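Read the structure below first, then the notes.
The values are calculated or read from the model by the stated rules, or taken from the named source; none is laboratory data. Small disclaimer: the values here were computed from a predicted structure and weren't measured. Ideal geometry is used to build each Cβ from the backbone, glycine not excepted, and the neighbour counts take in all protein chains shown.
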Amino acid sequence: MILVELFGIQVDAESSTPLLLLREVGAPNRVLPIFVGGAEAASIARGVEGVATERPLTHDLLVDLLETTDTRLDEVAVTSVQDGTFLAELHLGGTGGPHVVPSRASDAIALAVRLDAPLFASESVLEEAGALLVYTEDAIEDAVEDLRGFLDDVQPADFDEGEGPYRES
């Protein structure tokens, strides 16, 4: 498994579909684009920003459930792509011992950002769906600033349902 980070959340210009970008932490810094639904993208954005809602939404409820049962989310691993859908695993620990729970990648990432759990992707997923982007140092810093500006201004309503080649079902 290869350590990745949530590099960005954006809307694909062609399809108007929300897109998560995971980036490999070490060289060669491949980027893994994952198209997700609007609700999932909004939930991940809320988790990144630490936005609380009046009532707990599904991912907040799952965090409360894990915390109430003294269960840790040790890591999230994006393990495969099946029929254009990214699949992941939640690696849990606690008094009941270790457990692995299958998940959609977007749900797993929504939990990881709320619980500061590390994100991983399998080499096979990065080979199949990842891309190597070549940027100068200035271009990378500009992209990071653009992303920060986007995250500062993004609202859950900005994410619309759409379709894409790697879309969650």
(message) Can you find a residue that is farther than 25 Å from M1 by Cα and crowded, with 17+ Cβ neighbours inside 10 Å anywhere in the range 90-111?
(response) no
(request) Kindly indicate the residue of the range 12-32 that is touching a helix residue (DSSP H, G or I) at 6+ places or on another chain (Cβ under 7 Å) and assigned to a strand (DSSP E or B) and also farthest from R104 (Cα to Cα) among those meeting that condition. (result) E24
(request) Collect the residues in the range 10-67 that are free of Cβ contacts under 8 Å to residues at least 12 places away in the same chain and among the acidic types (D, E), keeping them in residue-number order. (result) E14, E54, D64, E67
(request) Report yes if some residue within the range 79-102 is outside any strand (DSSP E or B), within 20 Å of I44 (Cα to Cα), modelled with pLDDT of 95 or more and among the charged types (D, E, K, R); otherwise report no. (result) no
(request) Report the residue count in the range 33-59 for those that are among the charged types (D, E, K, R) and part of a helix (DSSP H, G or I). (result) 3
(message) With the requirement that a residue be buried (at least 16 other Cβ atoms within 10 Å of the Cβ) and under 18 Å from P118 (Cβ atoms), what does the range 59-73 give you?
(response) H59, L62, V63, L66, T71, L73
